[in-house]
Amino acid sequence: MLQDYAESLRGKRVCFVGLGVSNLPILELLLPHGVRCSVRDKKDLLAERPELSPLRERGVAFRFGEGYLSDLTEDVIFLSPGVRQDLPEFLEAKANGAKLTSELEEFFRLCPCRRIGVTGSDGKTTTTTLISLLLRAAGKRVHLGGNIGENLFVQLDEIRPEDYVVAELSSFQLMKLTSSPEIALITNLSPNHLDWHRDMREYADAKANIFSHQGPSGLLVLNRDDPYAARYAEQAHGRVRWISGEEKLPNGEDVWFDEAGVHRGEELLLPDGDILLVGRHNRYNYAEAIAAVGDLVPTDVLREVARTFGGVEHRIELVREKGGVKFYNSSIDSSPSRTAACLNSFEKPVVVICGGYDKHIPLAPLGPLFREKAKAAVLCGQTAEKIETALRDAGYTRFVRVDSFEEAVRTAAQIAEPGDSVVLSPAAASFDLFRNFAERGETFRRIVKEL
């Protein structure tokens, strides 16, 4: 399939906008087939990367900096997830006959097997990972990708019709899709990425794209407890399956949880004592995963996975214990709602490291949250001043501002006493200091281990 795809573009000019993991593998695939490739990126510093030299020698043209979209005359334009498709240069290129596409758009068009997509403001990484683990434990062949895992497009030749694709999908990726997975799941919806989206309406509409192209046989899983996400039911083209942690759902397909565990209809599928992960938010993750694929997974397999799954990296991940203080990496917490879920998982107040890139989302909820759940807060990054304002407005004063990430970690360690926990839960994205949340979490691990 990949050979045929590459041959279909022979002699054409293909442009990749954004030098990242979604585009480079496709560029490497096309080059041997006589496709004339170019790369454009707004970041000047990328031009100095040494790994680009072999690509230049193979004829790849590069354009970096402010004028990176000038003279956009290529036949096919691949957009990275973080690039908006409605920029004037792209609209003009499209009007002149260019095809605008993306890795996931091409993959979804060609994928031969059943697709499961997960999106939402919080919990999507854990839920996506959990779905893939459940299917694999049940003997299914699974390909994990999208916002996590591998580039799905370049895996096409390995995917068989009986396999399953499980994809975490961001709003950036969903805005560019013209097809939807057969099973779609929206965990919840709260203000996020408002530095990129024009407003909350655009953000919500992008999330809706995960199911908007489904047919009558499609399945949409929604959280009844989330008022914003629950409204999507009115727009569904196929079946809707509900989950809840606040009410019993007697319908035999819906999934709900209480102190006893996770139920499907009247049946207790997963006793709470079998779930290794702590926190109410993880009960939601299990309920959502079971609603999506529980009918494909035997009950004994479900319980075995729950007993052994310790969570994803950078999500309330215990790094070490030193001097009676436990250090947790929850770098994936890029919004106040994620930080709330994290802090509510601890029985006693913790020392929190908070702050990062400003996504222009409301930070006021951090005030009452920290007043209840934070023994102390160490603030750094772009949003430190805004978080400080939110804390002061809530009457919370047990915080300190620092100038660097390393200083934040070391200051938190000095504040903590035996029996305390120090938690990196930034409530913000990482782009002010790091490439992504994973690099931020790995830096935290390194500093903690050097203490």
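The values are calculated or read from the model by the stated rules, or taken from the named source; none is laboratory data. It should be emphasised that the depicted structure is a prediction, and the values quoted were computed from it without experimental measurement. All Cβ positions, even for glycine, are placed from backbone atoms using ideal geometry, and neighbour counts span all protein chains on display.
All but one of (1) of a type in the set (D, E, K, R); (2) over 15 Å from R440 (Cα atoms); (3) in the same structural domain as R410 (by TED's automatic domain parsing) hold for D333, so report the exception by its number.
(2)
Name the pairs: first residue in the range 215-227 and free of Cβ contacts under 8 Å to residues at least 60 places away in the same chain, second residue of a type in the set (F, W, Y) and outside any strand (DSSP E or B), Cβ to Cβ under 9 Å, at least 6 apart or on different chains?
Final answer for the pair search is G218/F211; L220/F211; L220/Y232; L222/Y232; D225/Y284.
Just to be sure before I move on: is A93 outside the structural domain of A167 (by TED's automatic domain parsing), closer than 20 Å to G145 by Cβ and assigned to a helix (DSSP H, G or I) in the structure I sent?
Working: outside the structural domain of A167 (by TED's automatic domain parsing): yes; closer than 20 Å to G145 by Cβ: no; assigned to a helix (DSSP H, G or I): yes.
No.
Looking only at the range 3-47, filter to residues that are at pLDDT 95 or above and hydroxyl-bearing (S, T, Y); which one of those is nearest to N151 (Cα to Cα)?
Y5
Hey, among the residues in the range 217-239 that are acidic (D, E) and under 23 Å from R283 (Cβ atoms), which one's surrounded by the fewest Cβ atoms within 10 Å (Cβ to Cβ)?
Within the range 217-239, the subset acidic (D, E) is 225-226, 234.
In the following step, the residues that additionally are under 23 Å from R283 (Cβ atoms) were identified as 225-226.
Working: D225: 17, D226: 21.
Selected residue: D225.
Tell me which residues, restricted to the range 262-279, are over 9 Å from A306 (Cβ atoms) and under 27 Å from the mean Cα position of the chain (by Cα).
Within the range 262-279, H263, R264, D272, V278, G279 meet the criteria.
From the list C354, C380, which residue is under 30 Å from R198 (Cβ atoms) and out of contact with any Leu (no Cβ under 8 Å at 6 or more places or on another chain)? Break it down stepwise before answering.
Values: C354 fails: out of contact with any Leu (no Cβ under 8 Å at 6 or more places or on another chain).
The unique qualifying residue is C380.
Just checking, which of F370, F437 is among the aromatic types (F, W, Y) and modelled with pLDDT of 95 or more?
Values: F437 fails: modelled with pLDDT of 95 or more.
Within the list F370, F437, the selection yields F370.
Being within 29 Å of I361 (Cβ to Cβ) and either among the small types (G, A, S) or assigned to a loop (DSSP other than H, G, I, E, B) (or both): is that true of G82 here? Before the answer, list the steps.
Values: within 29 Å of I361 (Cβ to Cβ): yes; either among the small types (G, A, S) or assigned to a loop (DSSP other than H, G, I, E, B) (or both): yes.
Criteria met by G82.
Report yes if some residue within the range 97-113 is of a type in the set (A, V, I, L, M), surrounded by fewer than 17 Cβ atoms within 10 Å (Cβ to Cβ) and not in a helix (DSSP H, G or I); otherwise report no. Full working, then the answer.
We begin by selecting, within the range 97-113, every residue of a type in the set (A, V, I, L, M); these are 98, 100, 104, 110.
Adding the requirement that they be surrounded by fewer than 17 Cβ atoms within 10 Å (Cβ to Cβ) leaves 110.
If we keep only those that are not in a helix (DSSP H, G or I) as well, we get none.
Looking for residues that are of a type in the set (A, V, I, L, M), surrounded by fewer than 17 Cβ atoms within 10 Å (Cβ to Cβ) and not in a helix (DSSP H, G or I), one finds none in the range 97-113, hence no.
If the requirement is being closer than 20 Å to E168 by Cα and of a type outside the set (V, I, T), which of these qualifies: G324, G265, G273, G310?
G310
Select from the range 136-166 the residues that are aliphatic (A, V, I, L, M) and under 20 Å from the mean Cα position of the chain (by Cα) and write down the one among them that is nearest to C342 (Cα to Cα).
Step one: of the range 136-166, the residues aliphatic (A, V, I, L, M) are 137-138, 142, 144, 148, 152, 154, 156, 159, 165-166.
Now restrict to residues that are under 20 Å from the mean Cα position of the chain (by Cα): 142, 144, 148, 152, 165-166.
Numbers: V142: 29, L144: 25, I148: 20, L152: 30, V165: 29, V166: 25 Å.
Ranking the qualifying residues of the range 136-166, first place goes to I148.
Being surrounded by 20 or more Cβ atoms within 10 Å (Cβ to Cβ), among the charged types (D, E, K, R) and not assigned by TED's automatic domain parsing to the domain that holds D195 is true for just one of R440, R401, R392. Which residue is that?
Details: R401 fails: surrounded by 20 or more Cβ atoms within 10 Å (Cβ to Cβ); R392 fails: surrounded by 20 or more Cβ atoms within 10 Å (Cβ to Cβ).
Going through R440, R401, R392 in turn, just one is surrounded by 20 or more Cβ atoms within 10 Å (Cβ to Cβ), among the charged types (D, E, K, R) and not assigned by TED's automatic domain parsing to the domain that holds D195: R440.
How about the range 417-444: which of its residues are of a type in the set (D, E, K, R) and closer than 30 Å to L194 by Cβ?
D432, R435, E439, R440, E442
Scan K375, K386, K359 and give me the residue that is surrounded by fewer than 24 Cβ atoms within 10 Å (Cβ to Cβ), touching a residue at least 12 places away in the same chain (Cβ under 8 Å) and part of a strand (DSSP E or B).
Every option except K375 fails the conditions.
Evaluate the range 244-262: report whether one residue or more is assigned to a strand (DSSP E or B), touching an Asp or Glu at 6+ places or on another chain (Cβ under 8 Å) and on the phi > 0 side of the Ramachandran plot.
yes
Could you tell me whether the range 130-142 includes any residue that is at pLDDT below 95 and crowded, with 22+ Cβ neighbours inside 10 Å?
So the first thing to find is which residues in the range 130-142 are at pLDDT below 95, and the list is none.
No: the range 130-142 contains no residue that is at pLDDT below 95 and crowded, with 22+ Cβ neighbours inside 10 Å.
Just wondering, is there one or more residues in the range 426-434 that are assigned by TED's automatic domain parsing to the domain that holds R371, touching a residue at least 12 places away in the same chain (Cβ under 8 Å), farther than 23 Å from E321 by Cα and outside any loop (DSSP other than H, G, I, E, B)?
Within the range 426-434 (the criterion being assigned by TED's automatic domain parsing to the domain that holds R371, touching a residue at least 12 places away in the same chain (Cβ under 8 Å), farther than 23 Å from E321 by Cα and outside any loop (DSSP other than H, G, I, E, B)), the answer is yes, since at least one residue qualifies.
Looking at this structure, is V319 at pLDDT 90 or above, within 16 Å of T397 (Cα to Cα) and in a strand (DSSP E or B)?
Values: at pLDDT 90 or above: yes; within 16 Å of T397 (Cα to Cα): no; in a strand (DSSP E or B): yes.
So V319 does not fit the description; no.
Inspect the range 116-127 for any residue being assigned to a loop (DSSP other than H, G, I, E, B) and either surrounded by fewer than 17 Cβ atoms within 10 Å (Cβ to Cβ) or basic (K, R) (or both) and give the result as yes or no.
First pass over the range 116-127, keeping only residues assigned to a loop (DSSP other than H, G, I, E, B): 120-123.
Filter once more, keeping what is either surrounded by fewer than 17 Cβ atoms within 10 Å (Cβ to Cβ) or basic (K, R) (or both): none.
No, the range 116-127 has no match at all.
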